[in-house]
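The values are calculated or read from the model by the stated rules, or taken from the named source; none is laboratory data. Just so we're clear, the structure is a prediction, and the values are computed from it rather than from any experiment. Cβ atoms come from the backbone with ideal geometry, glycine included; neighbour counts cover every protein chain shown.
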Amino acid sequence: MSERNSVSVVIPTHGRPLQVVQAVRSALRQTHSPLEVIVVVDGADPRTTEALATIVDPRLRVLAQAENMGGSAARNVGIENSRGAWIAFLDDDDEWLPQKLELQLEVALASGRKFPVISTGVFLVRAGETFVLPVYGPMDSEPVAEYLFRRRSITQPTGFMPTSCLMAPRELLELEEFRPGQPRLQDADLVLRLVARPEVSFHWVPEPLVIYNDLSFEARVSRKVTWEYWLEWLRENRCLLTRKAYAGALLNIVTTYAAGRHRNWEAAFPILDEAFAKGSPGINDLCAYVTR
């Protein structure tokens, strides 16, 4: 394997010994063999370190941290200790199909760009059912923020790009790491800051190559957020979004959390006002808002 093709895999984990072993094995079984699989154990977790010790493979590196830092900071530890030319992220409760790294690397090397960022399709597993997401991929002329937050039709959801899909050059991730302390939006926050750089290009492998286990009925961290958190994040990062993307995020996501999950109908009306005042709502986004 040439240094140009070498891939480091970074997996943050805490309190999921059985799941993380499955995640690691899926990374080690790749048709494009990773240079290393770095598991950052986020805080004291003897059960997890013991489970990982059952995997005998020189590519596995376990970095046990004394204190719990959170997923973003744990990923940054992995980035800082990596050696590959590329870094691919995998959450401890997800898995990869065998060709994930191979197909992403093909797209990355064929791009001809200095800093390509590559995502993939996903098998979403939820309550015993499996769905293929996203329903559609990003268009070449479409800003990534609009792909993530706007609807192309009334019946289709917004784009979908969890952390376990992402691969990027290590050199780029040393310039723009994950922001620590975020319980949610770690993937979107990083991607939007990356693609804001002029030397970065975004690419997508349409095949579903990630098994995303949606533990929404258990304790997946990404579900432990409120609509206020979403709204604060959007306001802080409005400079990274187009007006269309900003309105789409307000109407498709913030409203879903406020009026849907939290039954706070009063919050929905100021959100609509803000979508018009600071964004450019699309007809499909407005229809989604009305049906909340």
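Tell me which of these S280 doesn't satisfy, since it passes every other one: (1) modelled with pLDDT of 95 or more; (2) assigned to a helix (DSSP H, G or I); (3) not assigned by TED's automatic domain parsing to the domain that holds H32.
(2)
Answer yes or no: is there a residue in the stretch 91-114 that is without any contact (Cβ under 8 Å) to a residue 24 or more places away in the chain and of a type in the set (G, A, S). First the steps, then the outcome.
The initial filter retains those residues of the stretch 91-114 that are without any contact (Cβ under 8 Å) to a residue 24 or more places away in the chain, namely 106, 110, 112.
Of the ones still in play, those that are also of a type in the set (G, A, S) are 110, 112.
Yes, because at least one residue in the stretch 91-114 is without any contact (Cβ under 8 Å) to a residue 24 or more places away in the chain and of a type in the set (G, A, S).
Here is a check on your reading of the model: is D92 in contact with a helix residue (DSSP H, G or I) (Cβ under 6 Å, 6 or more places away or on another chain) and among the acidic types (D, E)?
Spelling it out, D92 is indeed in contact with a helix residue (DSSP H, G or I) (Cβ under 6 Å, 6 or more places away or on another chain) and among the acidic types (D, E).
Scan the stretch 15-28 for residues that are crowded, with 20+ Cβ neighbours inside 10 Å and either within 18 Å of R83 (Cβ to Cβ) or at pLDDT below 95 (or both) and jot them down.
V24, A27
Condition check ((1) touching a Phe, Trp or Tyr at 6+ places or on another chain (Cβ under 7 Å); (2) at pLDDT 95 or above; (3) assigned by TED's automatic domain parsing to the domain that holds Q99; (4) in a helix (DSSP H, G or I)) across all residues:
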{"site": "W230", "(1), (2), (3), (4)": "yes, no, no, yes"}
{"site": "W233", "(1), (2), (3), (4)": "no, no, no, yes"}
{"site": "A247", "(1), (2), (3), (4)": "no, yes, no, yes"}
{"site": "V254", "(1), (2), (3), (4)": "yes, no, no, yes"}
{"site": "A259", "(1), (2), (3), (4)": "yes, no, no, yes"}
{"site": "R263", "(1), (2), (3), (4)": "no, no, no, no"}
{"site": "N284", "(1), (2), (3), (4)": "no, no, no, yes"}
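Please determine, by comparing only the residues of the stretch 176-196 that are out of contact with any Leu (no Cβ under 8 Å at 6 or more places or on another chain) and farther than 15 Å from F89 by Cα, which one is surrounded by the fewest Cβ atoms within 10 Å (Cβ to Cβ).
Among those residues, the one meeting the criterion is G181.
Against the condition in a helix (DSSP H, G or I), over 22 Å from the mean Cα position of the chain (by Cα), more than 30 Å from S111 (Cα to Cα) and not β-branched (V, I, T), how does R4 come out, does it pass? Give the steps one after another, and end with the answer.
Numbers: in a helix (DSSP H, G or I): yes; over 22 Å from the mean Cα position of the chain (by Cα): yes; more than 30 Å from S111 (Cα to Cα): no; not β-branched (V, I, T): yes.
Considered against the rule, which asks whether it is in a helix (DSSP H, G or I), over 22 Å from the mean Cα position of the chain (by Cα), more than 30 Å from S111 (Cα to Cα) and not β-branched (V, I, T), R4 comes out as no.
Please state which of the following conditions L90 fails to meet, knowing it meets all the rest: (1) at pLDDT below 95; (2) closer than 20 Å to R16 by Cβ.
For L90, the exception is condition (1).
Out of contact with any helix residue (DSSP H, G or I) (no Cβ under 6 Å at 6 or more places or on another chain), under 26 Å from S280 (Cα atoms) and in a loop (DSSP other than H, G, I, E, B): does that describe G137?
Considered against the rule, which asks whether it is out of contact with any helix residue (DSSP H, G or I) (no Cβ under 6 Å at 6 or more places or on another chain), under 26 Å from S280 (Cα atoms) and in a loop (DSSP other than H, G, I, E, B), G137 comes out as yes.
Conditions (1) touching a His at 6+ places or on another chain (Cβ under 9 Å); (2) buried (at least 16 other Cβ atoms within 10 Å of the Cβ), marked per residue:
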{"residue": "T13", "(1), (2)": "no, yes"}
{"residue": "Q30", "(1), (2)": "no, yes"}
{"residue": "E36", "(1), (2)": "no, yes"}
{"residue": "V41", "(1), (2)": "yes, yes"}
{"residue": "A51", "(1), (2)": "no, yes"}
{"residue": "L60", "(1), (2)": "no, yes"}
{"residue": "A64", "(1), (2)": "no, no"}
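Can you name the number of the only condition in (1) in contact with a helix residue (DSSP H, G or I) (Cβ under 9 Å, 6 or more places away or on another chain); (2) over 27 Å from C239 (Cα atoms) that Q99 fails?
Condition not satisfied by Q99: (1).
Per-residue answers, yes or no, for (1) assigned to a loop (DSSP other than H, G, I, E, B); (2) more than 18 Å from the chain's Cα centre (by Cα); (3) in contact (Cβ under 8 Å) with a residue 40 or more places away in the chain:
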{"site": "I38", "(1), (2), (3)": "no, no, yes"}
{"site": "A44", "(1), (2), (3)": "yes, yes, no"}
{"site": "R47", "(1), (2), (3)": "no, yes, no"}
{"site": "A51", "(1), (2), (3)": "no, yes, no"}
{"site": "T54", "(1), (2), (3)": "yes, yes, no"}
{"site": "D57", "(1), (2), (3)": "yes, yes, no"}
{"site": "R61", "(1), (2), (3)": "no, yes, no"}
{"site": "E67", "(1), (2), (3)": "yes, yes, no"}
{"site": "S72", "(1), (2), (3)": "no, no, yes"}
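Looking only at the stretch 184-191, decide whether some residue is among the β-branched types (V, I, T), assigned to a helix (DSSP H, G or I) and within 13 Å of the chain's Cα centre (by Cα).
Start the filter on the stretch 184-191 by keeping residues that are among the β-branched types (V, I, T), which leaves 191.
Add one more test, that the residue is assigned to a helix (DSSP H, G or I), and what stays is 191.
Filter again for within 13 Å of the chain's Cα centre (by Cα), leaving 191.
The answer is yes, given that some residue of the stretch 184-191 is among the β-branched types (V, I, T), assigned to a helix (DSSP H, G or I) and within 13 Å of the chain's Cα centre (by Cα).
Return the residue satisfying two criteria in turn: it lies in the stretch 115-146 and is farther than 16 Å from M161 by Cβ and in contact (Cβ under 8 Å) with a residue 12 or more places away in the chain, and of such residues it is surrounded by the fewest Cβ atoms within 10 Å (Cβ to Cβ).
A127
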